[in-house]
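Take a look at the structure below.
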Amino acid sequence: MNLFKSNAFTIEIGSILDSSLNDLLLKTYSHSKVVVIVDENTHDNCLEYLLTSFDSLREAEVMLLPVGEENKVMEVCFQVWQALTDYQVGRKDLIINLGGGVVTDMGGFIASIYKRGVDFIHIPTSLLGMVDASIGGKVGIDLGPYKNQLGVFSHPKNIYIDKIFLETLPEEELLNGYAEMLKHALVNDKSQWGKLKKISSIDKLKDETMIHDSVKVKFEIIEKDPLEKNERKKLNFGHTIGHAIEGYFIDTSPVAHGHAIAIGMLAESFISMKQQRLKSEEYYEIEQLITNKFPLIQLDEVAIKEIIQIAKNDKKNESGKIFCALLNRIGNCSIDNEIQENEIADALFYLNKFAISMN
Ligand SMILES: NC(=O)c1ccc[n+]([C@@H]2O[C@H](COP(=O)([O-])OP(=O)(O)OC[C@H]3O[C@@H](n4cnc5c(N)ncnc54)[C@H](O)[C@@H]3O)[C@@H](O)[C@H]2O)c1
(Lines give C-alpha, C1' and ligand atoms only; values in the text may rest on other atoms or scores of the structure.)
Protein backbone atom coordinates (compact mmCIF):
# COMPACT_ATOMS: atom_id res chain seq x y z
CA MET A 1 0.00 0.00 0.00
CA ASN A 2 1.39 3.39 -1.02
CA LEU A 3 0.53 6.17 1.39
CA PHE A 4 0.41 9.94 1.22
CA LYS A 5 -0.40 11.40 4.60
CA SER A 6 -1.27 14.97 5.45
CA ASN A 7 -2.78 16.47 8.59
CA ALA A 8 -6.20 16.62 6.99
CA PHE A 9 -6.44 13.33 5.07
CA THR A 10 -4.67 10.21 3.87
CA ILE A 11 -4.41 8.82 0.36
CA GLU A 12 -3.97 5.05 0.10
CA ILE A 13 -3.04 3.55 -3.26
CA GLY A 14 -3.46 -0.20 -3.62
CA SER A 15 -6.16 -2.83 -3.22
CA ILE A 16 -9.03 -1.44 -1.18
CA LEU A 17 -9.22 -4.88 0.45
CA ASP A 18 -5.81 -4.26 2.07
CA SER A 19 -6.56 -0.66 2.94
CA SER A 20 -7.59 0.92 6.23
CA LEU A 21 -11.23 1.12 5.09
CA ASN A 22 -12.40 -1.98 6.94
CA ASP A 23 -10.86 -0.80 10.21
CA LEU A 24 -12.23 2.69 9.72
CA LEU A 25 -15.76 1.38 9.21
CA LEU A 26 -15.52 -0.96 12.18
CA LYS A 27 -13.80 1.38 14.61
CA THR A 28 -15.00 4.88 13.77
CA TYR A 29 -18.34 4.37 12.06
CA SER A 30 -19.69 1.15 13.59
CA HIS A 31 -22.71 3.00 15.03
CA SER A 32 -23.12 5.33 12.09
CA LYS A 33 -25.33 5.29 9.08
CA VAL A 34 -23.30 4.98 5.91
CA VAL A 35 -24.50 6.46 2.63
CA VAL A 36 -22.79 5.55 -0.64
CA ILE A 37 -23.21 8.09 -3.43
CA VAL A 38 -22.80 6.73 -6.96
CA ASP A 39 -23.79 7.73 -10.48
CA GLU A 40 -25.58 5.42 -12.89
CA ASN A 41 -22.34 3.94 -14.26
CA THR A 42 -20.57 3.43 -10.97
CA HIS A 43 -23.81 1.97 -9.62
CA ASP A 44 -23.67 -0.67 -12.35
CA ASN A 45 -19.91 -1.23 -12.45
CA CYS A 46 -18.37 -0.52 -9.05
CA LEU A 47 -20.97 -0.65 -6.29
CA GLU A 48 -21.36 -4.40 -5.97
CA TYR A 49 -17.63 -4.91 -5.52
CA LEU A 50 -17.55 -2.36 -2.72
CA LEU A 51 -20.67 -3.55 -0.91
CA THR A 52 -19.77 -7.22 -1.06
CA SER A 53 -16.18 -6.63 0.05
CA PHE A 54 -17.08 -5.06 3.39
CA ASP A 55 -19.63 -6.67 5.72
CA SER A 56 -20.21 -3.37 7.45
CA LEU A 57 -21.49 -1.87 4.20
CA ARG A 58 -24.28 -4.39 3.75
CA GLU A 59 -26.76 -2.01 5.37
CA ALA A 60 -25.46 1.06 3.57
CA GLU A 61 -27.97 3.34 1.91
CA VAL A 62 -27.20 3.99 -1.75
CA MET A 63 -27.99 7.33 -3.37
CA LEU A 64 -27.91 7.54 -7.13
CA LEU A 65 -26.89 10.65 -9.06
CA PRO A 66 -27.66 11.17 -12.74
CA VAL A 67 -24.50 10.76 -14.81
CA GLY A 68 -22.56 13.62 -16.38
CA GLU A 69 -21.19 17.11 -15.87
CA GLU A 70 -24.50 18.67 -16.90
CA ASN A 71 -25.92 17.21 -13.66
CA LYS A 72 -23.22 18.67 -11.40
CA VAL A 73 -25.73 21.31 -10.36
CA MET A 74 -27.59 22.64 -7.34
CA GLU A 75 -30.94 21.05 -8.33
CA VAL A 76 -29.40 17.58 -7.88
CA CYS A 77 -27.80 18.60 -4.57
CA PHE A 78 -31.20 19.70 -3.25
CA GLN A 79 -32.60 16.25 -3.98
CA VAL A 80 -29.74 14.51 -2.18
CA TRP A 81 -29.94 16.85 0.82
CA GLN A 82 -33.65 16.07 1.05
CA ALA A 83 -32.94 12.32 0.82
CA LEU A 84 -30.26 12.59 3.53
CA THR A 85 -32.77 14.42 5.72
CA ASP A 86 -35.49 11.81 5.06
CA TYR A 87 -33.00 9.07 5.94
CA GLN A 88 -32.11 11.01 9.12
CA VAL A 89 -28.42 11.17 8.40
CA GLY A 90 -26.69 12.99 11.23
CA ARG A 91 -23.38 14.62 11.91
CA LYS A 92 -21.72 11.42 13.10
CA ASP A 93 -22.62 9.51 9.95
CA LEU A 94 -20.48 8.87 6.89
CA ILE A 95 -20.85 9.52 3.18
CA ILE A 96 -18.77 7.49 0.71
CA ASN A 97 -18.41 9.00 -2.75
CA LEU A 98 -17.85 6.19 -5.24
CA GLY A 99 -17.32 7.56 -8.71
CA GLY A 100 -15.46 9.84 -11.06
CA GLY A 101 -14.76 13.53 -10.54
CA VAL A 102 -18.41 14.50 -10.88
CA VAL A 103 -19.41 12.23 -7.99
CA THR A 104 -16.47 13.20 -5.76
CA ASP A 105 -16.86 16.96 -6.49
CA MET A 106 -20.62 16.97 -5.95
CA GLY A 107 -20.74 14.30 -3.22
CA GLY A 108 -17.99 16.13 -1.31
CA PHE A 109 -19.91 19.39 -1.66
CA ILE A 110 -23.16 17.78 -0.52
CA ALA A 111 -21.43 16.28 2.55
CA SER A 112 -19.61 19.51 3.42
CA ILE A 113 -22.74 21.68 3.39
CA TYR A 114 -25.21 19.22 4.93
CA LYS A 115 -25.64 20.02 8.65
CA ARG A 116 -22.43 22.10 8.37
CA GLY A 117 -20.47 19.04 7.39
CA VAL A 118 -20.56 15.29 7.81
CA ASP A 119 -17.54 13.05 7.33
CA PHE A 120 -16.95 11.75 3.84
CA ILE A 121 -14.45 9.62 2.02
CA HIS A 122 -13.67 9.40 -1.67
CA ILE A 123 -13.25 6.20 -3.63
CA PRO A 124 -12.42 7.50 -7.11
CA THR A 125 -13.31 5.15 -9.95
CA SER A 126 -12.12 7.09 -13.01
CA LEU A 127 -8.47 7.70 -13.81
CA LEU A 128 -9.08 11.45 -13.73
CA GLY A 129 -10.68 11.09 -10.32
CA MET A 130 -7.75 9.03 -9.03
CA VAL A 131 -4.93 11.32 -10.14
CA ASP A 132 -6.67 14.64 -9.70
CA ALA A 133 -10.32 15.31 -8.80
CA SER A 134 -10.48 13.35 -5.54
CA ILE A 135 -7.33 15.01 -4.17
CA GLY A 136 -6.94 18.49 -2.78
CA GLY A 137 -10.21 19.27 -1.06
CA LYS A 138 -11.88 21.30 -3.80
CA VAL A 139 -15.51 20.24 -3.84
CA GLY A 140 -18.25 22.01 -5.73
CA ILE A 141 -20.74 22.29 -8.54
CA ASP A 142 -21.28 24.31 -11.72
CA LEU A 143 -23.49 27.35 -12.26
CA GLY A 144 -24.65 27.56 -15.87
CA PRO A 145 -21.54 27.68 -18.06
CA TYR A 146 -19.29 28.55 -15.09
CA LYS A 147 -17.39 25.53 -13.86
CA ASN A 148 -17.15 24.89 -10.12
CA GLN A 149 -18.55 28.36 -9.44
CA LEU A 150 -20.09 27.17 -6.17
CA GLY A 151 -17.88 25.26 -3.81
CA VAL A 152 -15.71 25.03 -0.73
CA PHE A 153 -12.38 23.61 0.34
CA SER A 154 -13.18 20.50 2.35
CA HIS A 155 -11.10 17.36 2.57
CA PRO A 156 -12.40 13.81 2.73
CA LYS A 157 -11.17 11.79 5.72
CA ASN A 158 -9.49 9.35 3.37
CA ILE A 159 -9.06 8.70 -0.33
CA TYR A 160 -8.77 5.10 -1.48
CA ILE A 161 -7.29 4.62 -4.94
CA ASP A 162 -7.71 1.08 -6.25
CA LYS A 163 -6.99 0.47 -9.91
CA ILE A 164 -9.42 -2.46 -9.94
CA PHE A 165 -12.17 0.07 -10.69
CA LEU A 166 -10.44 1.05 -13.93
CA GLU A 167 -11.25 -2.36 -15.41
CA THR A 168 -14.70 -1.15 -16.45
CA LEU A 169 -13.71 2.41 -17.36
CA PRO A 170 -14.18 3.12 -21.09
CA GLU A 171 -11.02 3.94 -23.06
CA GLU A 172 -12.06 7.54 -23.79
CA GLU A 173 -12.33 8.10 -20.03
CA LEU A 174 -8.78 6.81 -19.56
CA LEU A 175 -7.76 9.46 -22.07
CA ASN A 176 -9.48 12.13 -19.99
CA GLY A 177 -7.35 11.07 -17.04
CA TYR A 178 -4.29 11.13 -19.29
CA ALA A 179 -4.97 14.86 -19.90
CA GLU A 180 -4.61 15.70 -16.19
CA MET A 181 -1.56 13.43 -15.91
CA LEU A 182 0.01 15.38 -18.78
CA LYS A 183 -0.83 18.59 -16.94
CA HIS A 184 0.97 17.40 -13.80
CA ALA A 185 4.00 16.55 -15.93
CA LEU A 186 3.94 19.81 -17.91
CA VAL A 187 3.78 22.06 -14.86
CA ASN A 188 6.14 20.18 -12.60
CA ASP A 189 7.90 17.09 -13.82
CA LYS A 190 9.73 16.81 -17.12
CA SER A 191 10.79 13.21 -16.52
CA GLN A 192 7.14 12.21 -16.14
CA TRP A 193 6.34 13.97 -19.42
CA GLY A 194 8.98 11.77 -21.04
CA LYS A 195 7.34 8.62 -19.64
CA LEU A 196 3.79 9.69 -20.53
CA LYS A 197 4.88 10.64 -24.03
CA LYS A 198 6.25 7.19 -24.65
CA ILE A 199 3.40 4.98 -23.43
CA SER A 200 2.79 2.31 -26.04
CA SER A 201 -0.90 1.89 -25.25
CA ILE A 202 -3.46 3.81 -23.28
CA ASP A 203 -3.93 0.75 -21.07
CA LYS A 204 -0.48 1.44 -19.57
CA LEU A 205 -2.05 4.38 -17.74
CA LYS A 206 -3.68 1.86 -15.40
CA ASP A 207 -0.23 1.05 -14.07
CA GLU A 208 -0.11 1.76 -10.34
CA THR A 209 3.30 3.44 -10.58
CA MET A 210 2.01 5.84 -13.24
CA ILE A 211 -0.97 6.69 -11.03
CA HIS A 212 1.25 7.04 -7.97
CA ASP A 213 3.68 9.40 -9.71
CA SER A 214 0.89 11.67 -10.88
CA VAL A 215 -0.78 11.70 -7.45
CA LYS A 216 2.62 12.62 -5.96
CA VAL A 217 2.86 15.79 -8.07
CA LYS A 218 -0.58 16.96 -6.95
CA PHE A 219 -0.10 15.94 -3.32
CA GLU A 220 3.20 17.77 -2.97
CA ILE A 221 1.82 20.96 -4.49
CA ILE A 222 -1.36 21.06 -2.39
CA GLU A 223 0.58 20.28 0.77
CA LYS A 224 2.64 23.42 0.21
CA ASP A 225 -0.31 25.60 -0.75
CA PRO A 226 -3.63 24.07 0.32
CA LEU A 227 -5.80 27.13 -0.36
CA GLU A 228 -4.35 28.07 -3.76
CA LYS A 229 -2.72 31.31 -2.74
CA ASN A 230 0.42 30.58 -4.66
CA GLU A 231 2.05 27.46 -6.05
CA ARG A 232 -1.19 25.50 -6.35
CA LYS A 233 -2.24 27.90 -9.13
CA LYS A 234 0.13 25.90 -11.34
CA LEU A 235 -2.46 23.14 -11.37
CA ASN A 236 -4.84 25.50 -13.15
CA PHE A 237 -2.67 25.36 -16.26
CA GLY A 238 -4.98 24.70 -19.24
CA HIS A 239 -8.05 25.39 -17.13
CA THR A 240 -8.74 29.08 -17.88
CA ILE A 241 -9.45 28.30 -21.53
CA GLY A 242 -10.31 24.61 -20.95
CA HIS A 243 -13.06 25.37 -18.43
CA ALA A 244 -14.48 28.05 -20.73
CA ILE A 245 -14.64 25.54 -23.61
CA GLU A 246 -16.25 22.95 -21.34
CA GLY A 247 -18.78 25.53 -20.08
CA TYR A 248 -19.58 26.77 -23.59
CA PHE A 249 -20.59 23.31 -24.77
CA ILE A 250 -22.23 22.06 -21.56
CA ASP A 251 -25.86 22.43 -22.66
CA THR A 252 -25.47 21.48 -26.31
CA SER A 253 -22.85 18.82 -26.91
CA PRO A 254 -20.86 18.34 -23.69
CA VAL A 255 -17.09 17.99 -24.05
CA ALA A 256 -15.49 15.78 -21.38
CA HIS A 257 -13.49 17.67 -18.78
CA GLY A 258 -10.18 15.98 -19.67
CA HIS A 259 -10.71 16.62 -23.39
CA ALA A 260 -11.50 20.30 -22.77
CA ILE A 261 -8.43 20.63 -20.55
CA ALA A 262 -6.24 19.03 -23.22
CA ILE A 263 -7.37 21.71 -25.70
CA GLY A 264 -7.05 24.39 -23.02
CA MET A 265 -3.45 23.29 -22.34
CA LEU A 266 -2.68 23.48 -26.03
CA ALA A 267 -4.13 27.00 -26.29
CA GLU A 268 -2.29 28.15 -23.16
CA SER A 269 0.94 26.54 -24.42
CA PHE A 270 0.44 28.49 -27.68
CA ILE A 271 0.12 31.72 -25.67
CA SER A 272 3.22 30.71 -23.66
CA MET A 273 5.14 30.38 -26.94
CA LYS A 274 3.79 33.67 -28.34
CA GLN A 275 4.87 35.42 -25.14
CA GLN A 276 8.34 33.96 -25.74
CA ARG A 277 8.36 31.94 -22.56
CA LEU A 278 8.13 28.49 -24.11
CA LYS A 279 10.51 27.52 -26.91
CA SER A 280 8.73 26.75 -30.17
CA GLU A 281 10.33 23.24 -30.32
CA GLU A 282 8.70 22.42 -27.00
CA TYR A 283 5.37 23.91 -28.08
CA TYR A 284 5.35 21.70 -31.19
CA GLU A 285 6.25 18.67 -29.06
CA ILE A 286 3.18 19.39 -26.89
CA GLU A 287 1.04 20.06 -29.95
CA GLN A 288 2.05 16.79 -31.55
CA LEU A 289 1.26 14.69 -28.49
CA ILE A 290 -2.06 16.36 -27.69
CA THR A 291 -3.36 16.45 -31.26
CA ASN A 292 -2.39 12.79 -31.65
CA LYS A 293 -4.48 11.72 -28.69
CA PHE A 294 -7.33 14.25 -28.52
CA PRO A 295 -9.52 15.41 -31.41
CA LEU A 296 -9.50 19.19 -31.81
CA ILE A 297 -12.88 20.91 -31.84
CA GLN A 298 -13.92 23.32 -34.58
CA LEU A 299 -14.84 26.72 -33.12
CA ASP A 300 -16.36 29.48 -35.23
CA GLU A 301 -15.97 33.18 -34.52
CA VAL A 302 -19.16 33.35 -32.43
CA ALA A 303 -18.01 30.40 -30.30
CA ILE A 304 -14.58 31.94 -29.77
CA LYS A 305 -16.11 35.27 -28.66
CA GLU A 306 -18.42 33.48 -26.22
CA ILE A 307 -15.60 31.30 -24.84
CA ILE A 308 -13.59 34.46 -24.15
CA GLN A 309 -16.59 35.97 -22.32
CA ILE A 310 -16.85 32.85 -20.15
CA ALA A 311 -13.09 32.93 -19.47
CA LYS A 312 -13.46 36.55 -18.30
CA ASN A 313 -15.75 35.37 -15.50
CA ASP A 314 -13.39 32.62 -14.37
CA LYS A 315 -13.01 32.54 -10.60
CA LYS A 316 -9.22 32.87 -10.93
CA ASN A 317 -9.51 36.37 -12.39
CA GLU A 318 -9.11 39.65 -10.54
CA SER A 319 -10.39 43.15 -11.36
CA GLY A 320 -11.77 42.04 -14.72
CA LYS A 321 -8.34 40.83 -15.88
CA ILE A 322 -7.75 37.28 -17.08
CA PHE A 323 -4.95 35.46 -15.29
CA CYS A 324 -3.51 32.08 -16.04
CA ALA A 325 -0.54 29.78 -15.50
CA LEU A 326 1.84 29.73 -18.49
CA LEU A 327 4.67 27.35 -19.33
CA ASN A 328 8.30 28.46 -19.26
CA ARG A 329 9.41 25.05 -20.43
CA ILE A 330 8.14 21.49 -20.20
CA GLY A 331 8.12 20.71 -16.47
CA ASN A 332 8.11 24.32 -15.34
CA CYS A 333 5.46 27.02 -15.28
CA SER A 334 4.79 30.43 -13.82
CA ILE A 335 1.58 31.67 -12.24
CA ASP A 336 -0.44 34.89 -12.17
CA ASN A 337 0.24 35.89 -15.77
CA GLU A 338 -2.25 38.33 -17.22
CA ILE A 339 -3.39 37.39 -20.70
CA GLN A 340 -5.35 39.52 -23.15
CA GLU A 341 -8.54 38.60 -24.94
CA ASN A 342 -6.81 38.87 -28.32
CA GLU A 343 -4.17 36.34 -27.21
CA ILE A 344 -6.91 33.82 -26.42
CA ALA A 345 -8.59 34.59 -29.75
CA ASP A 346 -5.30 34.10 -31.67
CA ALA A 347 -4.69 30.75 -29.96
CA LEU A 348 -8.23 29.51 -30.62
CA PHE A 349 -8.23 30.70 -34.26
CA TYR A 350 -4.91 28.88 -34.75
CA LEU A 351 -6.32 25.66 -33.22
CA ASN A 352 -9.49 26.05 -35.28
CA LYS A 353 -7.47 26.14 -38.51
CA PHE A 354 -5.61 23.06 -37.28
CA ALA A 355 -8.94 21.30 -36.55
CA ILE A 356 -10.24 22.11 -40.05
CA SER A 357 -7.02 20.87 -41.66
CA MET A 358 -7.30 17.56 -39.77
CA ASN A 359 -10.80 16.86 -41.12
N1 LIG B 1 -11.88 18.87 -7.40
C2 LIG B 1 -10.84 18.92 -8.19
O3 LIG B 1 -9.73 19.27 -7.78
C4 LIG B 1 -10.99 18.50 -9.63
C5 LIG B 1 -9.87 18.31 -10.43
C6 LIG B 1 -10.06 17.87 -11.73
C7 LIG B 1 -11.34 17.65 -12.21
N8 LIG B 1 -12.42 17.86 -11.41
C9 LIG B 1 -13.78 17.61 -11.88
O10 LIG B 1 -13.90 16.23 -12.20
C11 LIG B 1 -14.92 16.07 -13.18
C12 LIG B 1 -14.41 15.16 -14.26
O13 LIG B 1 -14.16 13.90 -13.69
P14 LIG B 1 -14.29 12.56 -14.54
O15 LIG B 1 -13.56 12.69 -15.81
O16 LIG B 1 -13.99 11.44 -13.63
O17 LIG B 1 -15.84 12.60 -14.94
P18 LIG B 1 -17.11 11.72 -14.49
O19 LIG B 1 -17.24 11.64 -13.04
O20 LIG B 1 -18.26 12.24 -15.27
O21 LIG B 1 -16.72 10.25 -15.01
C22 LIG B 1 -16.56 10.06 -16.40
C23 LIG B 1 -17.49 8.94 -16.88
O24 LIG B 1 -16.96 7.68 -16.45
C25 LIG B 1 -17.96 6.95 -15.75
N26 LIG B 1 -17.26 6.11 -14.80
C27 LIG B 1 -16.53 6.50 -13.73
N28 LIG B 1 -15.92 5.44 -13.18
C29 LIG B 1 -16.27 4.35 -13.90
C30 LIG B 1 -15.92 2.99 -13.85
N31 LIG B 1 -15.05 2.52 -12.95
N32 LIG B 1 -16.47 2.15 -14.75
C33 LIG B 1 -17.32 2.63 -15.71
N34 LIG B 1 -17.65 3.91 -15.84
C35 LIG B 1 -17.13 4.77 -14.93
C36 LIG B 1 -18.85 8.00 -15.16
O37 LIG B 1 -20.12 7.50 -14.84
C38 LIG B 1 -18.89 9.02 -16.32
O39 LIG B 1 -19.79 8.58 -17.30
C40 LIG B 1 -15.27 17.46 -13.67
O41 LIG B 1 -16.46 17.87 -13.07
C42 LIG B 1 -14.14 18.32 -13.16
O43 LIG B 1 -14.52 19.65 -12.95
C44 LIG B 1 -12.26 18.26 -10.12
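The values are calculated or read from the model by the stated rules, or taken from the named source; none is laboratory data. From a predicted model like this one, the values you see are computed outputs, not experimental measurements. Cβ sites come from the backbone with ideal geometry, for glycine too, and all protein chains shown count toward neighbours.
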Filter result for E48 (more than 30 Å from G247 (Cα to Cα) and touching a strand residue (DSSP E or B) at 6+ places or on another chain (Cβ under 8 Å)): no
Residue among L235, L186 that is of a type outside the set (S, T, N, Q), away from the ligand (no atom under 12 Å from the Cβ) and assigned by TED's automatic domain parsing to the domain that holds A345: L186
Selection count where residues are in contact with a Gly (Cβ under 9 Å, 6 or more places away or on another chain) and not in a strand (DSSP E or B), scope the stretch 113-134: 12
Check on G68, surrounded by fewer than 21 Cβ atoms within 10 Å (Cβ to Cβ), in contact (Cβ under 8 Å) with a residue 24 or more places away in the chain and of a type outside the set (D, E): yes
Some residue of the stretch 114-135 being near the ligand (Cβ under 10 Å from one of its atoms), closer than 17 Å to Q82 by Cα and surrounded by 24 or more Cβ atoms within 10 Å (Cβ to Cβ): no
Test: residue in the stretch 36-45 that is more than 21 Å from the chain's Cα centre (by Cα) and either of a type in the set (D, E) or surrounded by fewer than 17 Cβ atoms within 10 Å (Cβ to Cβ) (or both): yes
All positions within the stretch 78-105 that are in contact with a helix residue (DSSP H, G or I) (Cβ under 7 Å, 6 or more places away or on another chain) and touching a residue at least 60 places away in the same chain (Cβ under 8 Å): I95, N97, L98, G99, G100, G101, V102, V103
Enumeration of residues in the stretch 195-214 that are under 30 Å from A347 (Cα atoms) and aliphatic (A, V, I, L, M): L196, I199, I202, L205
Qualifying position, being touching a Lys or Arg at 6+ places or on another chain (Cβ under 8 Å) and not aliphatic (A, V, I, L, M), among G247, G264: G247
Filter result for the condition that a residue is among the hydroxyl-bearing types (S, T, Y) and crowded, with 20+ Cβ neighbours inside 10 Å, over Y248, Y284: Y248
Test: residue in the stretch 340-355 that is part of a strand (DSSP E or B), in contact with a strand residue (DSSP E or B) (Cβ under 9 Å, 6 or more places away or on another chain) and among the acidic types (D, E): no
Filter result (small (G, A, S), within 12 Å of K218 (Cβ to Cβ) and touching a Gly at 6+ places or on another chain (Cβ under 9 Å)) within the stretch 135-162: G137
Answer residue from the stretch 153-172, given it is polar (S, T, N, Q) and within 11 Å of the ligand (Cβ to nearest atom) and is nearest to the chain's Cα centre (by Cα) among those: S154
Scan of the stretch 287-304 for residues that are of a type in the set (D, E) and in a loop (DSSP other than H, G, I, E, B), ordered by number: D300
In the stretch 196-223, the residues that are over 19 Å from the mean Cα position of the chain (by Cα) and within 17 Å of N332 (Cβ to Cβ): K197
The listed residue being more than 23 Å from L3 (Cα to Cα), out of contact with any Pro (no Cβ under 9 Å at 6 or more places or on another chain) and more than 11 Å from the ligand (Cβ to nearest atom), out of L175, L150: L150
